[in-house]
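Here is the structure we will look at, set down as structure tokens.
The values are calculated or read from the model by the stated rules, or taken from the named source; none is laboratory data. Source: prediction; values computed, not measured. Here the Cβ positions follow ideal geometry from the backbone for every residue, glycine too, while neighbour counts run over all protein chains shown.
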Amino acid sequence: MYLHGVCGDVLAFRSWVQAASRLGTLIAMRGDTTCDARPLRQKWTYDMRRLDHRIARALAAVDALRGARTAVTALDPSSVVLIGYSQGAHIAQWMANYKPKRYRRLVMIALAKEPQALRLRGASHILLMAGGRDARSHIRSGHRKLLRAGLNSRYLELPGARHGQYGPQALTVMHEGLQWVVDAPQSVPNGNASAAPQAPKH
């Protein structure tokens, strides 16, 4: 479930959609309030109850479009991975705090502030990411604190990416990160191991 940044592009995942589609079903949510200066863009309020209901409705809508009729073919609301960018990353953190048994796998990209261990204590996988040309020292520091708190966390960088971007290696890095979050066997997006440069790990 992709949560965009404040007044951001809801389709910003285009550069790594292949990585997500190989591992699951990608659904992008729009923020719940309009940006004053950019009426065609949205941002998020911190109404976690409302967003939780919206996510449930989105899963049901995708199931209906696919014709899913049984528990075997339907999307599992207990296995949602929240992928948030900037403000969306903070929303993901709040959702993990609001429903810790439901939102346990998180990808938080380009947070403006350090992640908070107390809000993430129920998470099973916490992937922190930052652009190589974006502010990231606070994210690295937050990652170290999560590890000291005993939380299962990784940190990956998106080479060459400024804030609001995913950079030229988005597909490779996102694929690696998402595989870790969903506990998928290791592979590379195009099936050619020699074509996948290594992402920075900390």
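Things to note:
- For the range 117-142, the set of residues classified as closer than 20 Å to Leu3 by Cβ, surrounded by 17 or more Cβ atoms within 10 Å (Cβ to Cβ) and of a type outside the set (Lys, Arg) consists of Leu120, Ala123, His125, Ile126, Leu127, Leu128, Met129, Ala130, Gly131, Asp134, Ile139, Gly142, listed by residue number.
- Residue under evaluation Thr25, criteria (1) surrounded by 15 or more Cβ atoms within 10 Å (Cβ to Cβ); (2) in a loop (DSSP other than H, G, I, E, B); (3) among the β-branched types (Val, Ile, Thr), criterion not met: (1)
- When the criteria are applied in full, Gly24 meets the requirement of being at pLDDT below 95 and under 15 Å from the mean Cα position of the chain (by Cα).
- Whenever a residue of the range 52-81 is more than 24 Å from Ala123 (Cβ to Cβ) and aromatic (Phe, Trp, Tyr), it has no partner that is at pLDDT 90 or above and surrounded by 12 or more Cβ atoms within 10 Å (Cβ to Cβ) lying with C-beta atoms less than 6 angstrom away and at least six residues away or across chains.
- Taking residues in the range 164-185 that are within 15 Å of Val107 (Cβ to Cβ), and partners anywhere that are aromatic (Phe, Trp, Tyr) and surrounded by 19 or more Cβ atoms within 10 Å (Cβ to Cβ), the pairs with Cβ atoms closer than 6 Å and at least 6 places apart or on different chains are Ala170/Trp16; Leu171/Trp16; Met174/Trp16.
- Here the condition is being modelled with pLDDT of 95 or more, part of a loop (DSSP other than H, G, I, E, B), more than 19 Å from Phe13 (Cβ to Cβ) and not polar (S, T, N, Q); of Gly150, Gly160, Gly142, Gly167, it holds for Gly150 alone.
- If you go through the range 28-41 and pick out every residue that is exposed (fewer than 12 other Cβ atoms within 10 Å of the Cβ) and either under 13 Å from His4 (Cα atoms) or in contact with a strand residue (DSSP E or B) (Cβ under 9 Å, 6 or more places away or on another chain) (or both), you end up with 2.
- Subset of the range 28-79 (residues that are part of a helix (DSSP H, G or I) and at positive phi): none
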